[in-house]
Amino acid sequence: YIWVQAHYNLPFRTLHPLDLNFLVDIASSDPSQWTVESIWYAGQEFASYDQLIDDYNNNRINKTKISRPANNEDLFSSLHRRGEFQPRNPQRPPTVVEPDGKRYSVTDRQVTYLDWTFNFRTSPLTGPALNDVRFKGQRIAYQISLSEVAVYYSGYSPFAQTSNFVDSAVSMGATAASLVPGADCPDTATLIGAAFMSQTKTEPDVYKASFCLFEHNNGVPLRRHLSYSFESGSFYGGMMDYVLILRTILAINNYDYVCDFIFHQNGVLETRVISTGYITSVFHATAERPYGFQIHNHLLGHVHHHMFSFKVDLDINGTSNRYRTLDLQQEQTTMTAFPKQPFSQTKFTTSLKRSELEALYKYDFHRPMYHLVHNEGVRNEQGELKSYRIKIDGVSKNLMAEGVGNEKTIAWSRNQMVVTRYKDDEISSGSVYGLFDSLHPVVDFTTFYADNETIVDEDLVFWVTCGVHHIPRSEDIPVTATAASQLSFSLLPFNYFPECPSMGSRDAIFVDHLNPMNPAEGVKVNRYGNSRTQCLIPEPTLEEYVAADPDRLLQSRQ
């Protein structure tokens, strides 16, 4: 059974709900056999159409009457530009340029960018994935992929209360149909296609722009220091954070999820997801007030929780890995130089996680920690373990009671990270049946760790959960903006390299005095071979696409 909500078929329908819900029996695989079992209207449930019509005609219920809005460019849910022009006169925004051509290359599905190499693909069920990710020739990850997306709403009406969406049921990857240069990606981006088999066609669906790949200036220094020290001298050294971004955008019904893999020059790999698109809303009623605000006429945006599950299969110096935490804690001590003076400071202790249950991680503000992965047999020149750190920046707590209602379908959201031994049959944290199998999930994620296997010197998989609660506001009309909506986790080298790997980058700038004893003589600027010239705006390029071979990517026109 599923509760559905009636709405006006306008752009976009989820912002035009009506005070009318239907309980539909969808047990049959033939939609013509589906039946309406119950009706919800004006805060009441009716067992049949006849009962609703009789009570309506005899004025035994409170009627709700709203007019269908006109479908024009002034419609509040339209994405046509409106309001006062900004800027007042046409003036183009800044744009990305590549003065010496692209610094990355793509051969089929393998990308090379400076010290990075990786392969990528998209699963029609779960979406984007990286494979064989290497930095300076060393494999960091066998696989990093989106595994599941869920959005759980709350409310009073049957539809609002049961709107618990598990998105692999709608083939998430196949929703990445198109990207628009200049809006979704810079004009200089390389557009890359994808092909999916369909249940209803003998030929694959081919999309010409499912991914875009581009180098981007993050607008902040990756590293820098300006010194005016008498002891250390006067100098400046720094570089902008130029990164490579592989992007796809999943347009799942009303919501759009921007999925980015971001490759920094210091060996950091960031995985980011950003929510935008239309909210799902319900007809405003007093009983809905604890769950949202009235954000337009007859319209209430009800609270919901976005949750994202990622599969991160790390191979740090091989597949024999260990997971340990550095647990930060307060130390009450005395000052070394003044033994009678009490002092408080921070120290850390190392904790090796030996089993899957021991490794379950719930974020606790009172117990900060670092998460490190290493191969016990590989150390650096100082004798420290060469490791990679997992840093999660998109933490939110699933407030649902465990095992109640539809919660079992998203058991992966109970923890911010779960560590398991690699198994061929543990492909994803969810399944295509997750939208309808909450009582008996086809994939019960708790079984991945319930056997409590050892995770010492094993091939390890890290299941990372990011999420955010969203209470819609009027500014979410017409669509939710990406600003302040970013969730991410990062992989950072930790004692892996002898120094910051970006020290070899030609993007660096170093400035010091021609004569340190007489600063008035001026400065010298070293750009390491990169000249600074007036940039010209290139014409936008659209990747040529070979329909006969969707996996073949031509080099972009220069």
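The values are calculated or read from the model by the stated rules, or taken from the named source; none is laboratory data. Only a predicted model underlies this, so the values are computations on that prediction, with no experimental measurement involved. Cβ atoms come from the backbone with ideal geometry, glycine included; neighbour counts cover every protein chain shown. With ligands, DNA and RNA removed, areas are computed over all heavy atoms of the protein, side chains included. Shrake-Rupley method; radii C 1.70, N 1.55, O 1.52, S 1.80 Å.
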Exercise for review: Note the listed values [x] 48, 28, 20; [y] 64, 32, 24; [z] 46, 31, 26, then indicate which one is semi-axes √(5λ) of the Cα gyration tensor in Å calculated from this particular structure.
Suggested key: [z]
Review point. From the phi of every residue in the range 119-126, what ³J(HN,Hα) in whole Hz does the Karplus formula 6.51 cos²θ - 1.76 cosθ + 1.60 yield, where θ is phi - 60° and glycine or proline is x?
Key: 10, 9, 7, 10, 8, x, 8, 10
Practice item. Check cross-link reach from Lys408 to the aspartates and glutamates: straight Cα distance under 20 Å, and skip same-chain residues fewer than eight apart. Key: Glu148, Asp167, Glu356, Asp425, Glu426, Asp437, Asp444, Asp451
Check your understanding: What nm distance separates the two modelled labels at Ile53 and Val170, each placed 7 Å from Cα along Cα→Cβ?
Key -> 3.3
Point to revise | For the chain, accessible area per residue (1.4 Å probe, heavy atoms of protein chains only), Å² | key: 53
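Which of the peptides 268-275, 503-510 is most tightly packed, and how do the rest follow, judged by the mean count of other Cβ atoms within 10 Å per residue?
The peptides rank, most packed first, as 268-275, 503-510.
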Check your understanding: How far is it, in nm, from the label point at Thr112 to the one at Glu331 when both lie 7 Å from their Cα along the line to the Cβ?
Key -> 4.8
Study note, to complete from the structure: Per-residue ellipticity at 222 nm attributable to helices in the chain (runs of n ≥ 4 DSSP H, -39500 (n - 2.57) apiece, nearest 500 deg cm²/dmol) works out to -500 deg cm²/dmol
Exercise for review: Select from Pro339, Val303, Ala483 the residue farthest towards the positive end of the dipole of the chain; place +1 on Cβ of Lys and Arg, -1 on Cβ of Asp and Glu, and compute about the Cα centre.
Suggested key: Pro339
Point to revise | Estimated vicinal HN-Hα couplings, Hz - the range 9-17 in sequence order (Karplus 6.51, -1.76, 1.60; Gly, Pro = x) | key: 7, 10, x, 10, 4, 5, 9, 10, x
**Study point:** Cα gyration tensor shape of the range 1-101, rounded if a/c is under 1.5, else prolate or oblate by comparing a/b with b/c
**Key:** oblate
Point to revise | By accessible area with a 1.4 Å probe, ligands and nucleic acids excluded, highest first: order of Ser154, Ser168 | key: Ser154, Ser168
Point to revise | Protein accessible area in the range 1-145, 1.4 Å probe - carbon and sulfur % | key: 48
**Study point:** Accessible surface of Glu376 - all protein chains present, 1.4 Å probe, nearest 10 Å²
**Key:** 70
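Cross-link list Lys102/Lys524; Lys340/Lys362; Lys136/Lys353; Lys65/Lys201; Lys102/Lys311; Lys208/Lys386: which exceed 32 angstrom alpha carbon to alpha carbon?
From the list (Lys102/Lys524; Lys340/Lys362; Lys136/Lys353; Lys65/Lys201; Lys102/Lys311; Lys208/Lys386), the Cα-Cα distance tops 32 Å for Lys340/Lys362; Lys65/Lys201; Lys208/Lys386.
Based on the Cβ-Cβ distance of Ala484 and Lys340, what FRET efficiency does E = 1/(1 + (r/R0)^6) give at R0 = 60 Å, to the nearest 0.05?
Step by step, r from the Cβ atoms, then E = 0.80.
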Practice item. On the protein heavy atoms, probe 1.4 angstrom, tell me the percent of accessible surface of the range 411-466 carried by carbon and sulfur. Key: 53
Point to revise | Mean Cβ count within 10 Å, highest first, over the residues of peptides 184-195, 344-355 | key: 184-195, 344-355
**Study point:** Area accessible to solvent at Thr162, 1.4 Å probe radius, in Å²
**Key:** 60
Review point. Within the accessible area of the range 224-299, what % is carbon and sulfur when the probe is 1.4 Å and the other protein chains stay in place?
Key: 54
**Study point:** Farthest toward positive dipole pole in the chain [+1 Lys/Arg, -1 Asp/Glu at C-beta], among Phe445, Ala47, Leu460
**Key:** Leu460
